Amino acid sequence: MIISASDHQIFADRGLIRVEGLIPDAVVAPARDLAYGRLEKVGLWRDGAWAGGRDEAQTLKLAKAALKDIGKSSIFKNLLTPDVLDIARQLVNGEAIRAEAYPQFLFTHPNASEWVVPYAAWHLDLPRLGPLGAPGAQMFSFVDTVLPGGGGTLFVAGSHRLLNDVGAIRSQELKKRLREHSYFRDLMDKSIVDRNRFMSEVHYVDDVPLRVVELTGAPGDVFFTDLRMLHAIAPNASGNPRMMITQRFPREAVADHIYG
């Protein structure tokens, strides 16, 4: 599958693009069935509905045990289709990419009565590389439908364009520098009450438009994001578990610098 010049420009400007239905349901369905089957065995999924109890600690313990190493199943590895790999390469201008052996399974059980943009846990997974440039892309896909408020990962679209001229930098130092701007101070400030405005309003820092984006979609939809994007886990105020997969695709030329 060939992505358009417009998609390349959106990825450069906003740091993410969405490709609907990229992974066929015939590939996704076995992964979905495996996940729900494991949850059913421990009593967290019953008659097509979430059956977790009020004991949060016990629910987390059961879910963690049930889903341990599920991403290492060949069923989940099948979600990294040739189209997914091809688009990841296109987004780094045809360079070779390094893929981890297995995708990571992302799970959030229903854990909130009200959904709100979080103030905590904004971070980078990998260090910025400074003069070595954009490190690569990351894919996120949906094992089952994730609706708004359903725990989909949150990103600050546009944040990958900031602080690329300060050399190599890790997550904590990046956040410290970003907080010099009122937008990021407010985003990470517990006392700010009107938090959902970060999703509806566009703010500018150094002429870069910024807005919080929630990853939502149907099984097989895929988001590709820039590895430099600030992001956070979100609460799940829906009645269903959030089940997604992710896989990082750093450029081969810089992978040793990222993981070293």
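Looking at this structure, is Phe142 crowded, with 24+ Cβ neighbours inside 10 Å, aromatic (Phe, Trp, Tyr), modelled with pLDDT of 95 or more and under 17 Å from Arg248 (Cβ atoms)?
No: the conditions fail for Phe142.
Could you tell me whether segment 147-162 includes any residue that is in a loop (DSSP other than H, G, I, E, B) and at pLDDT below 95? Explain how you work it out, then say what you get.
Step one: filter segment 147-162 for residues in a loop (DSSP other than H, G, I, E, B), giving 147-149, 151-153, 158, 162.
Filter once more, keeping what is at pLDDT below 95: none.
Taking every residue of segment 147-162 in turn, none turns out to be in a loop (DSSP other than H, G, I, E, B) and at pLDDT below 95.
Within segment 222-241, how many residues are farther than 27 Å from Pro127 by Cα and within 13 Å of the chain's Cα centre (by Cα)?
Of segment 222-241, the ones farther than 27 Å from Pro127 by Cα are 236-241.
With the extra rule that they be within 13 Å of the chain's Cα centre (by Cα), the set shrinks to none.
Within segment 222-241, residues that are farther than 27 Å from Pro127 by Cα and within 13 Å of the chain's Cα centre (by Cα) number 0.
One line per residue, one yes/no per condition, for (1) under 14 Å from Leu39 (Cα atoms); (2) at pLDDT 95 or above; (3) loosely packed, with under 12 Cβ neighbours inside 10 Å; (4) within 19 Å of the chain's Cα centre (by Cα):
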residue: Ala65; (1), (2), (3), (4): yes, yes, yes, no
residue: Val84; (1), (2), (3), (4): no, yes, no, yes
residue: Leu91; (1), (2), (3), (4): no, yes, no, yes
residue: Glu95; (1), (2), (3), (4): no, no, no, no
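Mind listing just one residue for me: the one in segment 8-55 that is touching a residue at least 12 places away in the same chain (Cβ under 8 Å) and among the acidic types (Asp, Glu) and, of those, farthest from Asp144 (Cα to Cα)?
Asp13
Tally the residues that are in a loop (DSSP other than H, G, I, E, B) and surrounded by 15 or more Cβ atoms within 10 Å (Cβ to Cβ), restricting the search to segment 101-111. Break it down stepwise before answering.
The first filter runs over segment 101-111 and keeps only residues in a loop (DSSP other than H, G, I, E, B), leaving 101-103, 109-111.
Going one step further and asking which of them are surrounded by 15 or more Cβ atoms within 10 Å (Cβ to Cβ), we end up with 102-103, 109-111.
Result for segment 101-111: 5.
Looking only at segment 149-174, count every residue that is free of Cβ contacts under 8 Å to residues at least 60 places away in the same chain and within 20 Å of Pro209 (Cβ to Cβ) and tell me the total.
Total satisfying the criteria: 4.
For segment 71-82: of the residues being part of a helix (DSSP H, G or I) and within 18 Å of the chain's Cα centre (by Cα), which is surrounded by the fewest Cβ atoms within 10 Å (Cβ to Cβ)?
Applying the first criterion (part of a helix (DSSP H, G or I)) to segment 71-82 yields 71-72, 74-77, 82.
Narrowing the set further to residues that are within 18 Å of the chain's Cα centre (by Cα) leaves 71, 76-77.
On the way: Gly71: 21, Phe76: 24, Lys77: 15.
Ranking the qualifying residues of segment 71-82, first place goes to Lys77.
When you scan segment 181-260 for helices (runs of 4 or more DSSP H) that lie fully inside it, which ones turn up with 1 or more residues that are within 22 Å of His8 (Cβ to Cβ) and among the hydrophobic types (A, V, I, L, M, F, W, C)?
On the way: elements: 182-187, 197-200, 252-259.
Once the helices (runs of 4 or more DSSP H) in segment 181-260 are filtered for at least 1 residues that are within 22 Å of His8 (Cβ to Cβ) and among the hydrophobic types (A, V, I, L, M, F, W, C), what remains is 252-259.
The values are calculated or read from the model by the stated rules, or taken from the named source; none is laboratory data. None of the values given here were measured: they were computed from a predicted structure. Note that we place each Cβ from the backbone using ideal geometry, even for glycine, and neighbour counts take in every protein chain shown.
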